[in-house]
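Here is the structure we will look at.
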Amino acid sequence: MNTTLSPTLQPSIFSRRALSLLLLMALLVSALPARLPGLPAAQPEAIKSTPMALPSAPPDPRGLPAELTSLPELVARRTAQSATFQRADGQWTTVLTSQAMHYQDNLGRWHTIDPAFRPDVGSYTIEHNSIRSRAGLDQAAAAVSAGDAAFIWQAGQLGLGSASGWQLIAEVLAKKDGTGARGELSEDARTLSYREAWSDASLVEQYISQPGSLEHLLVLAERPKPADAQLAGQAQWLEMRAQLQLLAGTTLWAAGRQVSAPLTTAGSLELRNALGQTEVVFEPVLAFEQARPETAVAGEYRVEPTGRADIWQISLRTPWQWWQAPERRYPAVIDPTMRVIRTTGDGTAGMVYVTGQPGPNPWGPGGTDSPTPGFFTGGEIVLGSVAGTEQYRGYLQFNHMPAEVRDGAPQNITQAELVLTPSYKHLPKYEHDTDYNLDWDSIDRAFDVQMWDMDLCNDPAVNANCFTLQDNRTLINQVAFNWNNKPAGVNPYDLFALTIGPSNKGGKGKEARVDVTNRVRWWYQNRPAHGPGWVLERKPSFISGQCDFPYEYLIAGYKIVDQPMSVHECTRIRLTPADARLEITYDPPDMPAAGYNKLNEPGVPSFLDGVFESTEHTYEVQKSVNRWYALGVRGNHNTGPAGAPFPTTGRIDIASLDGTPVEVLEKGSYSLGCGSFC
């Protein structure tokens with residue numbers, strides 16, 4: 001959890017953070033188990049507890065431009081998703097991203113996230129992330145710590161199950177004489193793969209690390225081959241069995257209740273700390289084709305005790321019929337994703353897109369890049385068209401705006417730019433036609449994009465049908481949010497191009513910078529209860545205006561021969577949370593120098609339960625003689641009467657430094673004034 005409070009008002013916060021540090025140190029110096037109950041008896045040897053120096057993060061793995069990282073950073077201004085730099089002329093530039101850049105340590109200090117695995121003594125480790133982990137050099141068990149929760153995760157068996165029985169297909173191999181399946185790192189060091197670690201050599205285990213998440217994959221290179229055909233014919237699900245060992249103070253929860261008996265759920269699992277706070281979420285079970293992640297099927301968790309209170313058997317079940325379908329294309333994946341609990345945009349990362357239903361097509365089945373055509377998909381933006389759909393529409397929103405922009409003076413923002421770096425979602429196959437003199441693979445590809453301001457209502461908290469990406473409403477409320485009632489956007493911008501380099505040279509995206517200064521100024525002037533956002537849509541480049549080729553044909557590698565210009569129309573591009581950022585340059589706040597502090601930093605006695613302890617905004621306070629001065633700025637929470645979002649009304653409780661009773665400031669939004677001592 002990203003919470004730093006005054007020790008005067010919350011004396012237990014540092015002891016809780018210290019517990020997190022102790023748990024992490026326990027993971028670093030203690031051995032992973034050679035065998036968890038229920039797994040094969042002979043497992044690779046434990047990670048040794050040899051003393052070691054913790055690896056250091058690279059200088060700056062955030063991917064920010066050198067123009068900014070060469071400037072002095074105001075580290076105290078960091079939030080999970082923003083960094084602020086001071087320019088030579090005294091102005092500040094704040095960079096906001098769609099994914100987390102920073103994490104907090106046990107003392108509330110912000111550090112740069114580096115999700116790369118680093119080779120260490122007997123293991124691969126990730127230390128610079130909000131979810132920290134340690135995996136074996138030659139075993140795919142992972143010790144994980146996040147906040148004040150810690151656990152060990154280890155897969156062991158794959159089989160077929162039904163109400164009447166279980167058939168083993170494969171299991172983790174025992175290591176002999178120091179040999180084993182050595183973990184292999186990808187080029188960016190964010191994917192760790194274990195090959196030939198199972199009795200079925202076609203199985204590969206992987207861990208994929210991202211800011212705030214750790215994804216465990218079991219990749220099946222080919223269709224499973226059960227030994228008992230009769231039992232296979234009766235099977236209901238393909239089941240991966242794993243062991244979850246909970247370390248000190250960590251508890252397992254499902255559907256809002258602590259797990260104490262066997263259960264089955266299609267929802268998520270939660271790990272909570274000793275205070276009952278959710279630290280890690282195991283997202284709902286999913287299986288998908290590796291080359292076509294949108295071709296997926298949901299599964300369920302089966303949770304069973306093992307005879308030890310701290311160890312549970314977690315079975316990930318997915319429909320056997322899906323795996324056996326003739327149209328299934330392998331490799332295919334079973335995927336449990338572990339992530340740190342998010343505060344906003346749950347499931348969207350501030351990005352969604354929506355596609356229409358594919359049109360009637362005589363060539364074959366329809367489909368789109370969305371697993372649910374006509375409804376919203378979160379976590380990325382895909383732009384393009386396929387199977388006769390209109391152009392997909394994407395939505396981008398930033399929910400953590402810098403609070404230091406002064407009230408009543410949005411003109412102090414001198415520049416705001418939206419920075420987008422695209423990549424390919426899918427490139428259709430084609431035969432080069434010399435008549436057109438086009439070789440799409442060897443040229444830069446520019447995709448015209450039109451953009452509008454996102455038209456949002458003022459208060460999402462009191463209107464469940466208000467379009468916003470602060471939460472996951474667009475994903476779960478399919479009645480209110482779908483293709484037929486998608487927001488159209490207002491105030492169109494000029495067209496701009498998203499450009500990607502030659503695909504035969506890696507297809508590297510190029511930064512596009514879009515001036516959004518007036519929109520950001522408007523946001524600070526009007527302060528709606530949501531972050532600013534934009535609507536994106538590809539503008540058709542040719543006469544057709546859409547791609548008419550069926551999705552299934554394109555994915556299967558069908559070559560576009562007779563319409564080479566359609567290659568461009570049928571290419572879909574994407575933006576991920578790592579591909580979008582907002583840069584705002586502005587005059588810094590003009591607070592008096594004496595007593596200049598950041599509320600909620602250690603030593604500043606200020607606290608408002610449920611509001612200030614978890615917002616990612618700054619509150620400036622100053623004490624002069626017997627007066628407190630405060631600048632109350634926008635937060636992500638409501639205060640006061642129901643339906644009155646802060647800062648329409650703001651209550652700031654401020655305790656004096658000498659411990660006298662709390663005084664209350666009742667001020668309007670963005671106001672600078674003194675409290676009840678005036």
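Scanning the stretch 109-122 for residues that are assigned to a strand (DSSP E or B) and either farther than 21 Å from Glu73 by Cα or not β-branched (Val, Ile, Thr) (or both), which turns out least open to solvent (accessible area, probe 1.4 Å)? Lay out the reasoning, then the answer.
Going residue by residue through the stretch 109-122, those that are assigned to a strand (DSSP E or B) are 110-112, 114, 118-120.
Next, only the ones that are either farther than 21 Å from Glu73 by Cα or not β-branched (Val, Ile, Thr) (or both) stay: 110-111, 114, 118-120.
On the way: Trp110: 40, His111: 64, Asp114: 9, Arg118: 74, Pro119: 92, Asp120: 34 Å².
Among those that are assigned to a strand (DSSP E or B) and either farther than 21 Å from Glu73 by Cα or not β-branched (Val, Ile, Thr) (or both), it is Asp114.
Give Lys508, Lys486 a once-over and let me know the one that is basic (Lys, Arg), closer than 25 Å to Ala464 by Cα and within 25 Å of the chain's Cα centre (by Cα). Before the answer, list the steps.
Values: Lys508 fails: closer than 25 Å to Ala464 by Cα.
So the residue among Lys508, Lys486 that is basic (Lys, Arg), closer than 25 Å to Ala464 by Cα and within 25 Å of the chain's Cα centre (by Cα) is Lys486.
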Quiz item: Within the bounds of the stretch 537-546, is there any residue that is part of a helix (DSSP H, G or I), out of contact with any Asp or Glu (no Cβ under 8 Å at 6 or more places or on another chain) and modelled with pLDDT of 85 or more?
Solution: no
Exercise. Go through the stretch 192-220 and give me each residue that's open to solvent by less than 20 Å² (accessible area, probe 1.4 Å) and among the basic types (Lys, Arg).
Key: none
Practice problem: Looking only at the stretch 196-215, count how many residues are touching a residue at least 12 places away in the same chain (Cβ under 8 Å), more than 12 Å from Val340 (Cα to Cα) and outside any strand (DSSP E or B). | Solution: 5
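Tell me the residue from Arg302, Arg223 that is open to solvent by 30 Å² or more (accessible area, probe 1.4 Å) and under 30 Å from Glu187 (Cβ atoms), please.
Details: Arg302 fails: under 30 Å from Glu187 (Cβ atoms).
Residue meeting the stated conditions: Arg223.
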Quiz item: Is there any pair linking a residue in the stretch 325-342 that is modelled with pLDDT of 85 or more and crowded, with 21+ Cβ neighbours inside 10 Å to one that is among the basic types (Lys, Arg) and part of a strand (DSSP E or B), with Cβ under 9 Å and at least six apart or on different chains, and which?
Solution: none
Exercise. For Arg292, indicate whether it is open to solvent by less than 30 Å² (accessible area, probe 1.4 Å) and not in a strand (DSSP E or B).
Key: yes
Practice problem: Please work out which one of (1) over 25 Å from the mean Cα position of the chain (by Cα); (2) free of Cβ contacts under 8 Å to residues at least 40 places away in the same chain; (3) open to solvent by less than 30 Å² (accessible area, probe 1.4 Å) is the condition Thr265 fails and give its number. | Solution: (1)
Quiz item: Since Ala170 meets every condition but one in (1) closer than 28 Å to Pro226 by Cα; (2) among the small types (Gly, Ala, Ser); (3) within 29 Å of the chain's Cα centre (by Cα), which condition does it not meet?
Solution: (3)
Quiz prompt | Residue count, the stretch 273-320 (criterion: under 30 Å from Val386 (Cβ atoms) and under 25 Å from the mean Cα position of the chain (by Cα)) | solution = 18
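Return yes or no: is Glu270 over 18 Å from Leu316 (Cα atoms) and assigned to a strand (DSSP E or B)? Working first, answer last.
Values: over 18 Å from Leu316 (Cα atoms): no; assigned to a strand (DSSP E or B): yes.
When the stated conditions are applied, Glu270 does not pass them.
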Quiz item: Residues of the stretch 418-448 being of a type in the set (A, V, I, L, M), over 18 Å from Pro532 (Cβ atoms) and part of a strand (DSSP E or B), which ones?
Solution: Leu438, Ala446
Quiz item: Name the residues in the stretch 123-157 that are in a loop (DSSP other than H, G, I, E, B), open to solvent by less than 10 Å² (accessible area, probe 1.4 Å) and under 18 Å from Arg190 (Cβ atoms), would you?
Solution: Asn129, Ile131
Self-check item: Residues (open to solvent by 30 Å² or more (accessible area, probe 1.4 Å) and either without any contact (Cβ under 8 Å) to a residue 24 or more places away in the chain or in contact with an Asp or Glu (Cβ under 7 Å, 6 or more places away or on another chain) (or both)) located in the stretch 87-108
Solution: Ala88, Asp89
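The values are calculated or read from the model by the stated rules, or taken from the named source; none is laboratory data. Just so we're clear, the structure is a prediction, and the values are computed from it rather than from any experiment. Ideal geometry is used to build each Cβ from the backbone, glycine not excepted, and the neighbour counts take in all protein chains shown. With ligands, DNA and RNA removed, areas are computed over all heavy atoms of the protein, side chains included. Shrake-Rupley method; radii C 1.70, N 1.55, O 1.52, S 1.80 Å.
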